[in-house]
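The structure appears right after this line, and notes come after that.
The values are calculated or read from the model by the stated rules, or taken from the named source; none is laboratory data. Please read these numbers as outputs of a predicted model, since none were measured by experiment. Positions of Cβ are generated from backbone atoms using ideal geometry, with glycine treated the same way; all protein chains shown enter the neighbour counts.
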Amino acid sequence: MTLLEQIRTRRAIRKYLPTRVEKEKLLMIQEAGLFAPSGSGLQGPKIVMIDDPELIQRIGIVNANAQPRSAGGGHVSTDQPSIVDDMSIKSGFYHCPALAIVTIPKSWKGLVNCIGDAFCCAENMILEAYDLGVSSCIVGRGEDTFADPSMQSLLKEWGLEDYLPIVFVCLGYINGKYPPIKPRKEGRAIYIEK
Ligand SMILES: Cc1cc2nc3c(=O)[nH]c(=O)nc-3n(C[C@H](O)[C@H](O)[C@H](O)COP(=O)(O)O)c2cc1C
């Protein structure tokens, strides 16, 4: 598949097998995140890769309850229901066996490019994962999740007390059939020619 074909066919997956993802693949996905572009080339984000389903479940439960579930409003997916669609889902990480957490320096909070930096890392990682046959889903609420006192000790344990988690990437092998391409809304591409 060409890169564009991969970009077109990749989907957010929220149903995972308990099968662990190979360490070599997780390291490649993490490296893809590190090679993301960053504002002024400052390479601010640090990426934590967690290969521990129990720990992921613990953080995921806090994540699912970090904001009111209806906050964004509306419906997300029937085939791959999100925590907004299905209130019975306990973890905001959908019981994925591996998880990447993209953090930025705390002192950068509010600076214009820091959130963009974090999401560029996440995007690189979901594409690398797809290329490796690993499914993924970007999940937000990083700051709110780690505002919970029970989560602060983890950052300390990881030597990241001066970092702020922004975004998560759930990783794992899909449980079920991969969903088809999601059609794009009309009128979103404007092409200016001389
Ligand atoms: C900025 C951002 C935040 C997202 N946050 C969540 C989230 O908290 N939970 C979730 O299940 N999916 C989340 N997603 C995944 C989107 O819901 C998903 O990409 C979207 O529904 C389109 O589906 P597709 O990726 O299959 O095309 C997020 C995606 C982005 C880009």
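On the basis of being modelled with pLDDT under 95, within 14 Å of the ligand (Cβ to nearest atom) and more than 25 Å from Gly133 (Cα to Cα), does Ala71 make the cut?
Yes; evaluated as a whole, the condition is true for this residue.
Counting only residues that are touching a Cys at 6+ places or on another chain (Cβ under 7 Å) and more than 16 Å from the ligand (Cβ to nearest atom), how many does the range 1-37 have? Matching residues across the range 1-37 total 1.
Test Ile192 against the criterion of being among the aliphatic types (A, V, I, L, M), farther than 13 Å from Ile13 by Cβ and within 16 Å of the ligand (Cβ to nearest atom), and give yes or no. It is false that Ile192 is among the aliphatic types (A, V, I, L, M), farther than 13 Å from Ile13 by Cβ and within 16 Å of the ligand (Cβ to nearest atom).
Restricted to the range 125-161, and to residues there that are part of a helix (DSSP H, G or I) and of a type in the set (Val, Ile, Thr), the residue that is farthest from Lys23 (Cα to Cα) is Thr145. Just to be sure before I move on: is Gly140 surrounded by 10 or more Cβ atoms within 10 Å (Cβ to Cβ), under 24 Å from Gln67 (Cβ atoms) and not charged (D, E, K, R) in the structure I sent? For Gly140, the condition - surrounded by 10 or more Cβ atoms within 10 Å (Cβ to Cβ), under 24 Å from Gln67 (Cβ atoms) and not charged (D, E, K, R) - is met. The helices (runs of 4 or more DSSP H) located wholly in the range 1-75 that include 1 or more residues which are among the basic types (Lys, Arg) and under 27 Å from Ile181 (Cα atoms) occupy 3-9, 23-34.
Take the range 89-105 and flag every residue that is of a type in the set (Gly, Ala, Ser) and either under 27 Å from Ala36 (Cα atoms) or more than 11 Å from the ligand (Cβ to nearest atom) (or both).
Matches in the range 89-105: Gly92, Ala98, Ala100.
Only one of the numbered conditions (1) of a type in the set (Gly, Ala, Ser); (2) under 16 Å from Leu26 (Cα atoms); (3) modelled with pLDDT under 95 is violated by Ala129, and that is (3).
Residue-level check: of (1) away from the ligand (no atom under 16 Å from the Cβ); (2) touching a residue at least 12 places away in the same chain (Cβ under 8 Å), Asp52 misses just (2).
Only one of the listed residues (Asp79, Asp86) is farther than 24 Å from Asp117 by Cβ, surrounded by fewer than 19 Cβ atoms within 10 Å (Cβ to Cβ), touching a residue at least 40 places away in the same chain (Cβ under 8 Å) and within 16 Å of the ligand (Cβ to nearest atom). That residue is Asp79.
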